Amino acid sequence: MTLSIYNTLSRRKETFHKSPGETVTMYVCGPTVYKQSHIGHMVGPVIFDAVKRFLQFRGYHVKWVVNITDVDDKLIIRAKEKNTTVRALAEEMTEDYKKCLEQLNVTSIDAFPRATEHIDGMIAMMTRLIDKGYAYAAEGDVYFDISKDEDYGKLCNRNPEQLEAGARIEVTGKKRNPGDFALWKAAKPGEPAWDSPWGSGRPGWHIECSVMSQALLGETLDIHGGGLDLQFPHHENELAQSESDTGKTFSRIWMHNGLLKLSSGKMAGSIGNVLNVADALKHVSGEVLRFFILNTHYRSPIDLGEWDPKNPSQPIPTALESARKAYMGFIRFAERFERITGENLYQQKTASDTLANVAYIPELQSLVNRFHEHMDDDFNTGGATAVLFEVLTFLNKFADQAKLESTTSPSAENLYIFKLGSNVLLDLGRLLGLFYQTPGSNDRKQDNQLVDGLMQLMIDLRNNLRGEAKKIADKANPTKQALFQQTDIIRTRLNELGIVLEDRPTGTSWRIESK
């Protein structure tokens, strides 16, 4: 199937303009690093990490850049509140951002340019825009003149008047037009500043991304991505100033991802209902959070369900908790794989020809094809994750029918099919950046010798009670009934603690499943 991508600029799906073997340049707008990263900051990176993984699978070479905005009004205000410097705050929050990315297995970003590293390039671009008549200096500031850009508003499909009506316009007598935007801001006392031909000051937000993307990826990008909230004014202004500067197409494809929302409404720092990544990771693993993000098509909003940050009994939104429970199916399968094969699923070194060999199993081959079709169709990760569950169902059904857990010596052919199918699940999941992390304490039983020992003691006690009860032939015997009642009490009380027992012919296992 041909790879097609929805282009915000043309407002339709387009056949991707590059061929496998060629290099794809991709730029995604990163954060303004003034506070800890919340889960909304992870949506774009997770999506575009999956995009890069799939493009590489299809044979493309991808260079992906995510910028860091380390000078901005928000940073200046926050640094004053914390009685620190802008630079120190930016360093601290940049490290927090990168640590969060790593926890969610976002590992394919090639460069993190910082705005303050490209001031000279920004001044050079502003100078060119002034010389060409697209920008003007005004009392230490520099503004882009939107009236000189004939197709300003094309990304949003609106004219300048419509855009102005729906935006908060900075009111100042320095502007020629209300919608003109700042490329350079004159310095204020106590703020970070750099020398320029127009006096001491600092860059505006929009010019930063234009300069950094050109410096690292060239004048025309293949893909420019970011959240839907950046379409205007940020991306519209980026496009205007970049194409006015170079006379070339700034980006061939514009991809905009949907935003997080609560069922009760907007999630925003100004409201005080954002969930920091660090807090979310106390209750779910990074892979569960990644899975939750990918479980929806990237252009759709991601509904977190209900959540009240003031309610301690509900530490995470309901939809995120549902995703954790759904992901437990893959974790339980990994445990089952280990019981059957004696090997760790997450440590399997899958052969490069696994997906080719799957033709041996037509039903699996069909699922593999459908997974690829979803991803080829505008990177539909929601459809792709649904296929992962179908592969999971196939493998569990096969293991049951072949009695792989109850047979002491399963056939070599059945084991081969099971392991091949398991590797298919692993390979497909890893195209989405999943199944790399061995489950942690938030997902499965804790790897703690004391806890393991106590649980084994409870299981042995319960099994001994069951064994004594089975020795009594008379079903109506009160002692037999009392013994079975005690085993039921053990199971029930453990369930109340979030511990689930599973009885199998090969023995009893347990897992933590939080309520």
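The values are calculated or read from the model by the stated rules, or taken from the named source; none is laboratory data. Note that the structure is a prediction, hence the values are computed from the model and not measured. We place every Cβ from the backbone using ideal geometry, glycine too, and count neighbours over all the protein chains shown. The accessibility values were calculated without ligands, DNA or RNA, using every heavy atom of the protein model including side chains. Shrake-Rupley method; radii C 1.70, N 1.55, O 1.52, S 1.80 Å.
Side notes on the structure shown:
- Filter pass, Ala334 being among the aliphatic types (A, V, I, L, M) and touching a Phe, Trp or Tyr at 6+ places or on another chain (Cβ under 7 Å): yes
- Count - residues of segment 273-296 that are closer than 17 Å to Ala323 by Cα, open to solvent by 10 Å² or more (accessible area, probe 1.4 Å), under 15 Å from the mean Cα position of the chain (by Cα) and not hydroxyl-bearing (Ser, Thr, Tyr): 3
- Some residue of segment 11-23 being in contact with a Phe, Trp or Tyr (Cβ under 8 Å, 6 or more places away or on another chain) and buried (at least 21 other Cβ atoms within 10 Å of the Cβ): no
- Filtered by the rule that a residue be modelled with pLDDT under 70 and farther than 24 Å from Lys185 by Cβ, segment 154-173 gives Gln162, Ala165.
- Some residue of segment 250-272 being hydroxyl-bearing (Ser, Thr, Tyr), surrounded by 19 or more Cβ atoms within 10 Å (Cβ to Cβ) and out of contact with any strand residue (DSSP E or B) (no Cβ under 9 Å at 6 or more places or on another chain): no
- Only a single item in (1) at pLDDT below 95; (2) assigned to a helix (DSSP H, G or I) is not met by Leu320, and it is number (1).
- The single condition among (1) closer than 30 Å to Ile223 by Cα; (2) out of contact with any helix residue (DSSP H, G or I) (no Cβ under 7 Å at 6 or more places or on another chain) that Ala384 does not meet is (2).
- Near pairs, Cβ below 7 angstrom, 6+ apart or cross-chain, from segment 375-400 (touching a residue at least 40 places away in the same chain (Cβ under 8 Å) and assigned to a helix (DSSP H, G or I)) to any residue that is open to solvent by 30 Å² or more (accessible area, probe 1.4 Å) and of a type in the set (S, T, N, Q): Asp376/Thr2; Gly382/Asn295; Gly382/Thr296; Thr385/Asn295
- Taking segment 231-242 as the range and being touching a residue at least 60 places away in the same chain (Cβ under 8 Å) and either touching a helix residue (DSSP H, G or I) at 6+ places or on another chain (Cβ under 9 Å) or crowded, with 24+ Cβ neighbours inside 10 Å (or both) as the test, the residues that pass are Phe232, Pro233, His234, His235, Glu236, Asn237, Leu239, Ala240, Gln241.
- Residue match in segment 97-110 (condition: among the polar types (S, T, N, Q) and farther than 30 Å from Ala278 by Cα): no
- Qualifying residue in segment 478-489 (condition: surrounded by fewer than 16 Cβ atoms within 10 Å (Cβ to Cβ), free of Cβ contacts under 8 Å to residues at least 12 places away in the same chain, outside any strand (DSSP E or B) and basic (Lys, Arg)): no
- Count of segment 385-412 residues, restricted to those that are open to solvent by 20 Å² or more (accessible area, probe 1.4 Å), more than 19 Å from His372 (Cβ to Cβ) and of a type in the set (A, V, I, L, M, F, W, C), is 3.
- Considering (1) in contact with a strand residue (DSSP E or B) (Cβ under 9 Å, 6 or more places away or on another chain); (2) open to solvent by 60 Å² or more (accessible area, probe 1.4 Å), the lone condition that Glu343 does not fulfil carries the number (1).
- Matching entry among Glu117, Glu150, Glu161 (being within 30 Å of Val62 (Cα to Cα) and either among the charged types (D, E, K, R) or surrounded by 19 or more Cβ atoms within 10 Å (Cβ to Cβ) (or both)): Glu117
- Close contacts from segment 186-203, counting a first residue that is free of Cβ contacts under 8 Å to residues at least 12 places away in the same chain and a second that is in a loop (DSSP other than H, G, I, E, B) and surrounded by fewer than 16 Cβ atoms within 10 Å (Cβ to Cβ), with Cβ to Cβ under 8 Å and a gap of 6+ residues or different chains, come to Ala193/Ser200.
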